Every structure is written in structure tokens, then in C-alpha cells.
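Everything on this sheet refers to the single structure shown next.
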Amino acid sequence: MEKFEKLSGIAAPMPMINIDTDMIIPKQFLKTIKRSGLGVNLFDEMRYDDDGNEIPDFVLNKPQYRETQILIAGDNFGCGSSREHAPWAIKDFGIRCVIAPSFADIFYNNCFKNGILPIALPQEQVDILMKEAEKGANARVEVDLEAQTVSTSDGEVFAFEVDAFKKHCLLEGLDDIGLTMEKAASIDAFETKAEQTRPWV
Amino acid sequence: MSPKTLYDKIWDAHVAHEADDGTCLLYIDRHLVHEVTSPQAFEGLRMTNRTVRAPDKTIAVPDHNVPTTLDRANAATMTEDSRIQVEALDKNAKDFGIHYYPVSDVRQGIVHIVGPEQGWTLPGMTVVCGDSHTATHGAFGALAHGIGTSEVEHVLATQTLIQRKGKNMKVEITGKLRPGVTAKDITLSVIGVTGTAGGTGYVIEYCGEAIRDLSMEGRMTVCNMAIEGGARAGLIAPDEKTFEYCMGRPHAPKGAQWEAALAWWKTLYSDDDAHWDKVVTLKGEDIAPVVTWGTSPEDVLPITANVPSASDFTGGKVDAAQRSLDYMGLTPGTPLSDVEIDTVFIGSCTNGRIEDLRAAAAILKGKKVKDGIRAMIVPGSGLVRAQAEEEGLADIFKEAGFEWRLAGCSMCLAMNPDQLSPGERCAATSNRNFEGRQGRGGRTHLMSPAMAAAAAITGKLTDVREMM
Ligand code: SF4
């Protein structure tokens, strides 16, 4: 997995609540058997018209946001299905960090498995970042995972929380499965015991 | 011993390893797999030379993008990319030696209907699937999570999931339901109260008289939509109804093992003085037959209400409601029962079981679908379909003018050819009314099977109580 340490980039404002995974990547793009190549279809139905032409008003189509690396959004981002195609599409587009007042649980977890940092901040702070993002390419937002801070170009700094284990894996780019396999003895022991206590499983 | 909730008990029985910081490896008893969220996971195993750790606990079935038309054995009914996904599952199931129900098998169906039907889902288990509606299995008192594809790969390789314990939330439905009110109305009404983020970080246990009174199928409908309330899992404590449902299923224990299992299952309930982080209580008699009006499952109103206006809301919901109203093409103040529909879809893992079909048939018997309305019934599994035919329900549907399909997810997410066109308005028994969910520009109103059947007859959103 790609490491995430620090990021300084353009932030795009998406001030909508309940941005669901069907919006992030509609189902017609779930028919792939690969993880890559979904970036062009990120937010497909908001981004393109029925003929496949870009809708100029959509934020990621605007010239100043085409290189967006950070998304600032409303409450409950990523609600809906468990499709990991959502973080794959976000990452493939080039976005490495999403900041919102809250996230849906499965999406939040899926981000960490794909080198994306989801940051939950209080509404007032997200509002400030949203304003900042509206300035477009003139304002770069800085994210420092080690220090757990988000900074605006005006020098405002917000601290965020992140689970220590998830942080460690993201900073080091660690593969979860490899880490779990190091604990194979515990899993073996659990299975042996469960065969006694719950043999029907 | 300190008092525990049902969630605490199942959790404690499955922790294979706990790190100092509280991160746990949760052992997984059943892993259900379907064609859309698994190909990348199997590819990951191949690339790293890993195997499936517990193939005997891993069950696969294609459901999301298989056609549901009667001619689906003909490969030409599938698009190229759908066919590749299903073929990939065929191959992965064979290569890795996992249980498999191919499209040609009468037991094929929606993964969350097949699991319980075959006795794979049992009380006290941990169940995962790369699909958010895995919450369905919570109806058995099983801790059931939806997971992403990386986690699918993790469970395939290690039979565990890296987890931190969630918080406990109790949703109690007291008293009795009124006539015409169903499990679907309960679960939608709860989301109407808590909002789609109300359950985030929690595992919900549904309890109370109205829940106890539900059949196992009704309980599955309730738990199915725990995810729409933001909770990763919903639970209902197992009882005699649960045990009776499980007994004799193909993969349920038998003989002495059954007795041993039963003894443990009977300990699976929340202790009286257990701690709840959040409690929500609804009175059963206050719940009405409901429909959704907007594009979030929390946009729930009794069928007797009017379309709201954006100014009825506060905060971020004002803009969201306006966007919903525009998308849905609805005018504030219109009685919901005046809203005309084009299409009716009865099916999905929320409402595609035999009792759902019986409820629809009870309304449709001797009636006709209104002229010009497209109506389809998609049973949740091949076995549900066979049973409906045996009971004569299929004849009622066909005589009424419904299409009678083969099993699959179908128009619930419209990955197969069953889709809405832009502006087409659908009365649906599925679980998501998101923009574009049933087809680009399609407009979805969620409701119970009886309500959807009533809408098919009148061509409008309809209060089913007027037809009973
Ligand atoms: S029926 Fe719908 S919600 Fe259920 S598993 Fe299929 S697509 Fe998902």
C-alpha cells in the first residue's frame, strides 16, 4: 500500500451532506475485476451529462480543481454500500485525503486500506476549510499525518484524531494481511478452542 | 461477572487476539462472497501466493448482476463485463474449494437470502460479506458486518477481521403494530427518527414486543436496513422462533451437536442491567405504513402525509431536501397518495422472501395492475420462487400482470438490465432510494411489499389499509 505521510495540495469544496457511494461511483462501474482505472468515473453522474460531456459547473471539472488532492465535504460522507470501488475511484483520481464532519463506517475503514486518509473534524472547522477550498488553486491545504494536523494557507491549524494502529499502517504503508499473519498462532489457538466449545461452526 | 449486551457476548466469544491498544482480531465463522466485490480479493490472494484459510466456512453465490429473465441460461442475456465477473466467481470458487451455488442451481439467490435459507447463518456466529446488507443476518442473533474488498481478502486469507469494538445501541419497539403495518415500516420509521448517521459507530439491538412478535423473515427485514441507519450491524436476540427456523436446515447442526448449540444459543440475550450507550424507543401503535419521498432512506413519512418543503428542515438538510425534491420531481404540499408511479419492483434482500410474496399476493389476488404500469416480482432465491409457485402465488402475480422473474438483486441496484429510465418513478421494496440507484435519473419510493402491491393496482402511492 502507498504510504501517507504529508500532503500539501488543492482542496475541492463539496458542501453536500450524505454523499453516498452510489454518487461517488455508480454501479455501472462496479463490473470491473481490477482496482485501477476508476478515476475517470468518480462522481460520474454529477460530473458528466447523458452524452458523456463534462458538466462545467461540477467542482472537479473546473480548471482550478482538476488537480484536487483533498476533498472537503458535508456530514456522513461515504454512506451506502460497502463498495471499495468508492475509495479506489477517489484514489485513482488523485485524491488522497477527505475531510468531513463525519463518515460512514465501512467507507472510513476502506479508505485506510487504500492509502487514503479520512479526517473527521468539527463542523465549524470544516466550514472554515470549505471557505478556504473555495479559493481554488490559490490556497493549498496541508495535511500532516504524523503530527495529526490540517493547516490552511492562512496558518490556521486544526488537530485531528486517528486510531493509532490505522495511523501506523498508513504511515508505513503496511499490508494488513501480512501483519495479521504474524499472529497466526493466536488464530490457530482460537480455532482449536472453538472446535471444542462450538463444534457445529 | 459484569452484565453484558448480546453484542458484548458474541464479541467476547470471537476475539482471537487483542493488542494493547484495543485493536482486535475477530474470528469469522461465516464468510459470504458474491461476484462484484470479490474478484480483486481473489486476485490479491493469487498475487501473494496465499490460500483461503477456511474454505469450509466460505460460501459464494452470484447475485448482483445476473439477469433475472427466464432466458438467462442464454449467455447473450449478459453484458460482457457482467459475464466476466460471474465467470471469475465460478473459477475462484473452484480454484479455492469454497461452497458455491452457481446460477444454474435452484438454491442460487441473493446472498443474504441464501445464507439463512441453507442454515449457514446461525445464532451467535460472526458473519461477514462484501456487501453492506450483511446486517440482515443479525436477525438470528449473529454479529453480521458488511466489509470492503480489502477486508474480503483479509478474511479469505486469515479468517479474521481487524476490528475495534463498537458501541451498544438499543432500539426498542414497544407494544403491538396496527393492521397494515409491517417490519418494513418499523425499520424505515426507525431511520426516519435516528437519521442515516444515527447508528454510526454502534451495533443496534432491536427489541421489544413488536420485534418479538415478528417472524424470522420480518426480523431479517428490520436488521437488513440497520446499515441505512448508519449502524454496521443490527441484532435481534434469538428465541424459539429462531431455533425453529434453523432446525433441519441443510447446514444447521444435527443430533447432539444441535443440543449443544441450542444450550449456548439460549444464553444469547442482553442482561437486564447491561449498559447501553444510546437508547431509542418507538411505540408500535404509533408506526404507520410509510413511504420515502426523497433520496435518502431517512426521508420517511406516513403515506397519509404530504410532500414536505425544504423549509421544514434545518442545517445541511435544507439544501439536501431541496435537491431531493428537485430530483424526485415532487411539489411540496402534494398528498403523497396523489403521487403517480410508473413501475413497481417487489424483491431484494429486504423484501424478497416468501412471506413478502405472500403479503403482496394477498393484496393482488383477483386484481389487475393498472394499465401502463410496469410491474415485476423478483424472488430472493430459486427456492423462494419454487415455493411461491407451489403455493399458487406465482399465478396470482401473473394474472395480475406482474412479470415473474428468476432470483437475483435485479432492480434493487440495477447492475443487470433491470433499470429505471430517467424520470421513471418506482414503488420499490428494496432498501436504497439514492439518486441513480435504480438507474440514472430513476426515482425510487421505498415501501413494504403490501404497499408496493397496492401501488401497482392504483398506479399511485397508496395506503394499503384502504385495500384490506
Ligand atoms: S438485493 Fe440489493 S441490497 Fe440486497 S444484496 Fe442485492 S443489491 Fe445489495
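The values are calculated or read from the model by the stated rules, or taken from the named source; none is laboratory data. Quick caveat: nothing in here was measured; it's all calculated off a predicted structure. Cβ sites come from the backbone with ideal geometry, for glycine too, and all protein chains shown count toward neighbours. Just the protein is used for accessible areas: all its heavy atoms, side chains included, with ligands, DNA and RNA removed. Shrake-Rupley method; radii C 1.70, N 1.55, O 1.52, S 1.80 Å.
In table form, for the structure just shown:
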| item | result |
| --- | --- |
| Residue that is farthest from B:G148 (Cα to Cα) [pool: residues in the range A:34-66 that are of a type in the set (S, T, Y) and buried (at least 16 other Cβ atoms within 10 Å of the Cβ)] | A:Y65 |
| Which listed residue is over 25 Å from the mean Cα position of the chain (by Cα), away from the ligand (no atom under 16 Å from the Cβ) and either open to solvent by less than 50 Å² (accessible area, probe 1.4 Å) or under 19 Å from B:K460 (Cα atoms) (or both), from B:I363, B:I341, B:I373 | B:I373 |
| Matching option when the condition is within 15 Å of the ligand (Cβ to nearest atom) and open to solvent by 10 Å² or more (accessible area, probe 1.4 Å), among B:E217, B:E209, B:E205, B:E240 | B:E217 |
| Sole exception among (1) basic (K, R); (2) in contact with a strand residue (DSSP E or B) (Cβ under 8 Å, 6 or more places away or on another chain); (3) within 16 Å of the ligand (Cβ to nearest atom) for B:R353, by number | (2) |
| Any hit, the range B:193-206, residues being closer than 20 Å to B:D272 by Cβ, more than 12 Å from chain A (Cβ to nearest Cβ), modelled with pLDDT of 95 or more and touching a Ser or Thr at 6+ places or on another chain (Cβ under 7 Å) | yes |
| Residues satisfying the stated conditions in the range B:301-324, i.e. in contact (Cβ under 8 Å) with a residue 12 or more places away in the chain and within 14 Å of chain A (Cβ to nearest Cβ) | B:A310, B:A320, B:A321, B:Q322, B:R323, B:S324 |
| Any hit, the range B:124-131, residues being open to solvent by 10 Å² or more (accessible area, probe 1.4 Å) and within 14 Å of the ligand (Cβ to nearest atom) | yes |
| Selection from the range B:42-75 of residues that are within 23 Å of the chain's Cα centre (by Cα), away from the ligand (no atom under 16 Å from the Cβ) and closer than 22 Å to B:W120 by Cα | B:K57, B:T58 |
| Given (1) within 14 Å of the chain's Cα centre (by Cα); (2) open to solvent by less than 50 Å² (accessible area, probe 1.4 Å), number of the condition A:K31 does not satisfy | (1) |
| Any hit, the range B:390-408, residues being within 16 Å of the ligand (Cβ to nearest atom) and crowded, with 24+ Cβ neighbours inside 10 Å | yes |
| Filter pass, B:G166 being under 23 Å from B:H145 (Cα atoms) and open to solvent by 20 Å² or more (accessible area, probe 1.4 Å) | yes |
| Filter pass, B:G199 being open to solvent by less than 20 Å² (accessible area, probe 1.4 Å) and outside the structural domain of B:A452 (by the TED database) | yes |
| Residue within the range B:142-153 that is more than 16 Å from the ligand (Cβ to nearest atom), at the interface with chain A (Cβ under 9 Å from one of its Cβ atoms) and in contact with a strand residue (DSSP E or B) (Cβ under 7 Å, 6 or more places away or on another chain) present | yes |
| Hey, A:G178 loosely packed, with under 13 Cβ neighbours inside 10 Å and away from chain B (no Cβ under 11 Å) or not | no |
| Filter result for the condition that a residue is within 11 Å of chain B (Cβ to nearest Cβ) and open to solvent by 60 Å² or more (accessible area, probe 1.4 Å), over A:A194, A:A159, A:A185, A:A120 | A:A185 |
| Residue match in the range B:10-23 (condition: within 16 Å of the ligand (Cβ to nearest atom), touching a residue at least 24 places away in the same chain (Cβ under 8 Å) and farther than 21 Å from A:G178 by Cα) | no |
| Test for B:D319: is it open to solvent by 50 Å² or more (accessible area, probe 1.4 Å), of a type outside the set (G, A, S) and part of a helix (DSSP H, G or I) | yes |
| Residue under evaluation B:R432, criteria (1) more than 11 Å from the ligand (Cβ to nearest atom); (2) touching a Pro at 6+ places or on another chain (Cβ under 7 Å); (3) of a type in the set (K, R), criterion not met | (1) |
| Qualifying position, being within 14 Å of chain A (Cβ to nearest Cβ), closer than 25 Å to B:V106 by Cα and polar (S, T, N, Q), among B:S410, B:S381, B:S421 | B:S410 |
| Members of the range B:79-114 that are more than 14 Å from chain A (Cβ to nearest Cβ), assigned to a helix (DSSP H, G or I) and within 16 Å of the ligand (Cβ to nearest atom) | B:I113, B:V114 |
| Single match in B:N433, B:N416 (criterion: within 21 Å of the chain's Cα centre (by Cα) and over 22 Å from B:A320 (Cα atoms)) | B:N416 |
| Among (1) of a type in the set (S, T, N, Q); (2) open to solvent by 10 Å² or more (accessible area, probe 1.4 Å); (3) within 14 Å of the ligand (Cβ to nearest atom) - the single one B:T134 does not satisfy | (2) |
| B:E285 vs. criteria within 24 Å of B:V344 (Cβ to Cβ) and open to solvent by 20 Å² or more (accessible area, probe 1.4 Å) | no |
| Candidate set: the range B:250-273, residues that are away from chain A (no Cβ under 11 Å) and in contact with a helix residue (DSSP H, G or I) (Cβ under 7 Å, 6 or more places away or on another chain); chosen: the one least open to solvent (accessible area, probe 1.4 Å) | B:L268 |
